[in-house]
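Structure, as structure tokens:
The values are calculated or read from the model by the stated rules, or taken from the named source; none is laboratory data. Just so we're clear, the structure is a prediction, and the values are computed from it rather than from any experiment. Ideal geometry is used to build each Cβ from the backbone, glycine not excepted, and the neighbour counts take in all protein chains shown. For accessibility, only protein heavy atoms count, side chains too; no ligands or nucleic acids. Shrake-Rupley method; radii C 1.70, N 1.55, O 1.52, S 1.80 Å.
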Amino acid sequence: MATTVLDKLTVAASPPAAGGVLPLTFFDVPWLFTGPVERVFFYPYPHPVEHFTAKLLPSLVSSLSAALHGFYPLLGRVRPCPDGGGGYEFCSTGGDGCGVELTVAESADDFEELSGGGPRDVGRLYALVPQLPRTEDGSFALAAAQVTVFAGRGIAVGVSIHHVACDDSSYMHFVKTWAGQCRVAAGEDAAAVPPPPFLDRGVVADPEGLAARTLDEMRQLAANGPPPPPPSPPGPPPKLVIASFTLTRGCIDKLKQRVVAMGDGGGRVHCSAFTVACAFAWACLARADGSCAGKKRAHLLFSVECRRRLAPPIPQEYLGNCLRPCFVEVDMGDLLGADGVVTAAAAIGAAIKGLDDGVLNGADGWFHKILSLVPERPMSVGGSPRYGAYDTDFGLGRPAKVELVSIDKTPGTVSLAEGRDAQAGIEIGVVLPEAEMEQFSSSFSDGLKQL
């Protein structure tokens, strides 16, 4: 269905931001040559386009401007350091012409279908996601936003932020600040706005020079060529669809009880809602992928937020990346077996418990480990139930749906979010070819019946 661009605005900070230059930390550097995190937030809005343009749009623009005052690094770009030393830095002038591109659009697509949880062509959602503006000087923009109105049905707010700028914790902090400022503009109390971001990157110590070493490794990789991707099946690529699946609180409790009951007795199992949700999704994904039966080992890659785990801890409002990878490996036969979820949960729990020995242990080998897993097509995880995506209220109430669209960029990635209502538990988002999605759905349903 057609999406028509009504306007493109450059939104500056108000009051004007100071601007400045900030360094990339070793948590940021691995994301330098990746891409944006892209989400779409759907809200019912039973008004015509003219009402949206006159009533809601001005508040969305002014509140975005207010939010950018504190989050001024998102106004700028990442550029090569002018000293010619080969490094990169964040740069924001904070003055005229420094702003975030906001696209205003109208869609004739089916709002109810797009904001539902059933399988949809993921390409339809990308019509609601802004592209980061391109440049020709070696720098690149960090953020963009899009508001799309479906006349008489709803609106979709799409936000793209390059991963080098920040992780999901900071991403959601920014979006909720924008939403809170929008509610303030409509007359709500200033308490609707979260605390401001913490911008001092000096709190992330790097005594081993990991940022420079990782960047050197990335340059060597670029010179030698990346590792070969897994072989693709012959013929045209299949159409990808996105769908959501829910683990209710009751299902999560039953999964936890099952994992604890079948533990090996060698110590307490770290068995959180995150652990069992990842394990359940991993087992379903392996069963949906016909190529898995011929593999000996299965791999999972997920990120752990380090703000509270560092010594000393850094503020939760820190703006930037503060993630470390966690690697999990199990026997493929065990994962595909009747107790695959238990096997997976025990391995995931052990990996998380291992962080107690030091969250930065082995940091100098993370990058190479990730590269070595690329040919294995590990399952990876985006998002987290901790970040409260469904608490994002622009004055329109809770979203009808939130989609982490960018999971389609990496095959085998699932998204996790808290459920929309109190009993929903955890929502799992998946992007797969249509045939594999049917198999995933079947495995998911069968797994729930066995609880």
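What the table shows:
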read-out	value
Answer residue from the range 419-437, given it is assigned to a loop (DSSP other than H, G, I, E, B) and among the aliphatic types (A, V, I, L, M) and is surrounded by the fewest Cβ atoms within 10 Å (Cβ to Cβ) among those	422
Contacts under 6 angstrom Cβ, first residue in the range 72-85 being within 17 Å of residue 137 (Cα to Cα), partner open to solvent by 70 Å² or more (accessible area, probe 1.4 Å) and modelled with pLDDT of 90 or more, 6 or more apart	none
The range 393-418: number of residues that are part of a loop (DSSP other than H, G, I, E, B), of a type outside the set (Ser, Thr, Tyr) and farther than 22 Å from residue 155 by Cβ	2
Test for residue 78: is it open to solvent by less than 20 Å² (accessible area, probe 1.4 Å), within 22 Å of residue 129 (Cα to Cα) and either modelled with pLDDT under 90 or touching a His at 6+ places or on another chain (Cβ under 9 Å) (or both)	yes
The range 293-325: number of residues that are under 30 Å from residue 432 (Cβ atoms), over 16 Å from the mean Cα position of the chain (by Cα) and open to solvent by 10 Å² or more (accessible area, probe 1.4 Å)	6
Some residue of the range 179-199 being out of contact with any helix residue (DSSP H, G or I) (no Cβ under 9 Å at 6 or more places or on another chain), open to solvent by 30 Å² or more (accessible area, probe 1.4 Å) and in contact (Cβ under 8 Å) with a residue 60 or more places away in the chain	yes
Within the range 107-125, tally of residues that are closer than 26 Å to residue 49 by Cβ and buried (at least 17 other Cβ atoms within 10 Å of the Cβ)	9
Number of positions in the range 326-346 that are within 23 Å of residue 443 (Cβ to Cβ) and within 23 Å of the chain's Cα centre (by Cα)	4
Residue in the range 345-382 that is nearest to residue 254 (Cα to Cα), counting only those that are open to solvent by 60 Å² or more (accessible area, probe 1.4 Å) and outside any helix (DSSP H, G or I)	377
Of residues in the range 400-414 being β-branched (Val, Ile, Thr) and under 10 Å from residue 40 (Cβ atoms), the one surrounded by the most Cβ atoms within 10 Å (Cβ to Cβ)	402
Top-ranked residue of the range 383-392 - restricted to ones that are part of a loop (DSSP other than H, G, I, E, B) and under 12 Å from the mean Cα position of the chain (by Cα), ranked as surrounded by the most Cβ atoms within 10 Å (Cβ to Cβ)	383
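Rundown of residues vs (1) closer than 19 Å to residue 283 by Cα; (2) modelled with pLDDT of 90 or more; (3) assigned to a helix (DSSP H, G or I); (4) in contact with a helix residue (DSSP H, G or I) (Cβ under 8 Å, 6 or more places away or on another chain), yes/no style:
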site: 220; (1), (2), (3), (4): no, no, yes, no
site: 235; (1), (2), (3), (4): no, no, no, no
site: 246; (1), (2), (3), (4): yes, yes, no, no
site: 265; (1), (2), (3), (4): no, no, no, no
